[in-house]
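The next block holds one structure in the form of structure tokens; read it before the comments.
Read the figures in this text as sums done on the coordinates, not as results from a lab. A quick note: this is a predicted structure, and the numbers were derived from the prediction, not measured. Note that each Cβ is placed from the backbone with ideal geometry, even for glycine, and that neighbours are counted across all protein chains shown.
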Amino acid sequence: MAWCSLEGARFLWRSWQAGILLHGKGPDVALSDKPLVFWGLSGFYSVSVLVGGAFAVFCLLIALRDVTRKTNS
């Protein structure tokens, strides 16, 4: 899960630097051609990456809590 979040963040960073969102199956979206679509998709992808990263941290904290509880008992 953390690896997916990292790769998603890298994709977003490269897209913002280049000004183009690359889509494997659909048309690419360039900032200069469709700025509203570019920033809308960038915002959606950013929220997805943040939520995925937060979920990964949440799962890690639950796992660590369970491990420390078992070793203390």
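Do we find that ASP66 is without any contact (Cβ under 8 Å) to a residue 24 or more places away in the chain and under 24 Å from TRP3 (Cβ atoms) in this structure? Outline the logic, then answer.
Working: without any contact (Cβ under 8 Å) to a residue 24 or more places away in the chain: yes; under 24 Å from TRP3 (Cβ atoms): yes.
Spelling it out, ASP66 is indeed without any contact (Cβ under 8 Å) to a residue 24 or more places away in the chain and under 24 Å from TRP3 (Cβ atoms).
Residue check: is GLY26 surrounded by fewer than 10 Cβ atoms within 10 Å (Cβ to Cβ) and either at negative phi or not in a helix (DSSP H, G or I) (or both)? In short, yes. Filtering ALA9, ALA54, ALA18 for residues that are surrounded by 13 or more Cβ atoms within 10 Å (Cβ to Cβ) and under 19 Å from the mean Cα position of the chain (by Cα) leaves a single hit, ALA9. When segment 1-50 is filtered for residues that are free of Cβ contacts under 8 Å to residues at least 12 places away in the same chain and aromatic (Phe, Trp, Tyr), the ones remaining, listed by number, are TRP3, TRP13, TRP39, PHE44.
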